[in-house]
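In what follows, a single structure is set out as structure tokens and then discussed.
The values are calculated or read from the model by the stated rules, or taken from the named source; none is laboratory data. Bear in mind the structure is a predicted one, so any value in this text is a computation, not a measurement. Heads up, the Cβs are rebuilt from the backbone with ideal geometry, glycines too, and the neighbour counts pull from every protein chain shown.
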Amino acid sequence: MSAESTAATEPTRAAHVTLRCAFCRTLNRIDLGRADQKPRCAHCSRPMLLDRPVRLEGDDFERSVVGAEAPVLVDFYADWCGPCKMMAPVLDEFARRHAGSILVAKLDTDRWPDVASRFGIRGIPTLILFVDGAEAARETGAVPAGRLEELLSRAEGST
Ligand SMILES: [Zn+2]
């Protein structure tokens with residue numbers, strides 16, 4: 001990079017995340033900043049789906065969320081929870097809108113109660129935005145799309 005090259009308003013910064021392939025479950029380290037180039041799983045060559053919420057295994061929490069170079073919004077949910085179902089399309093849309101800059105993940109609190117208790121989850125859905133591996137903001141209960149965007153600005157304000 002030459003000295004006079006001014007950083008664009010939206011610099012393409014590598015933001016690696018480690019995620020399991022939705023098809024073969026192989027762990028892949030991918031650059032979220034290149035989501036528009038449709039990255040593929042190194043093992044089965046099927047697409048890594050980054051424009052929708054990814055399902056997290058509790059065992060992967062450290063490397064996929066805490067170890068992510070990009071902000072991660074985690075939806076702590078359960079299958080039987082009505083408000084969680086209401087949140088699903090809102091999160092789908094949020095993931096689409098922020099594809100390439102924010103990872104959206106879902107964690108089933110019934111399957112991974114230890115992770116839920118680690119973050120003091122008392123009601124679901126709980127949405128926690130992690131920035132640099134640490135909690136930056138959270139919302140509890142089903143919230144409209146606008147409140148998710150507020151969560152982002154709150155997190156930016158706190159850094
Ligand atoms: Zn695969």
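Examine the range 50-59 for a residue that is closer than 23 Å to Arg20 by Cα, over 14 Å from the mean Cα position of the chain (by Cα), of a type in the set (Asp, Glu) and assigned to a helix (DSSP H, G or I), and state whether such a residue exists. Scanning the range 50-59 turns up at least one residue that is closer than 23 Å to Arg20 by Cα, over 14 Å from the mean Cα position of the chain (by Cα), of a type in the set (Asp, Glu) and assigned to a helix (DSSP H, G or I).
Checking each residue in the range 16-40 for being assigned to a loop (DSSP other than H, G, I, E, B), in contact with a strand residue (DSSP E or B) (Cβ under 8 Å, 6 or more places away or on another chain), surrounded by fewer than 17 Cβ atoms within 10 Å (Cβ to Cβ) and on the phi < 0 side of the Ramachandran plot picks out Ala22, Thr26.
For the range 49-72, the condition holds for at least one residue, the condition being that it is touching a residue at least 60 places away in the same chain (Cβ under 8 Å), of a type outside the set (A, V, I, L, M, F, W, C), buried (at least 17 other Cβ atoms within 10 Å of the Cβ) and within 21 Å of Phe119 (Cα to Cα).
Among the candidates Leu50, Leu91, the residue that is within 26 Å of Gly146 (Cβ to Cβ) and within 16 Å of the ligand (Cβ to nearest atom) is uniquely Leu50.
Only one entry in Pro53, Pro83 is at pLDDT 95 or above and in contact with a helix residue (DSSP H, G or I) (Cβ under 7 Å, 6 or more places away or on another chain), namely Pro53. For first residues located in the range 135-158 and in a strand (DSSP E or B), partners that are of a type in the set (Phe, Trp, Tyr) and surrounded by 14 or more Cβ atoms within 10 Å (Cβ to Cβ) and lie 6+ apart or on another chain with Cβ distances below 8 Å form the pairs Glu135/Phe119; Ala136/Phe130. Only a single criterion out of (1) assigned to a strand (DSSP E or B); (2) more than 26 Å from Gly33 (Cβ to Cβ) is not satisfied by Gly120, namely (1).
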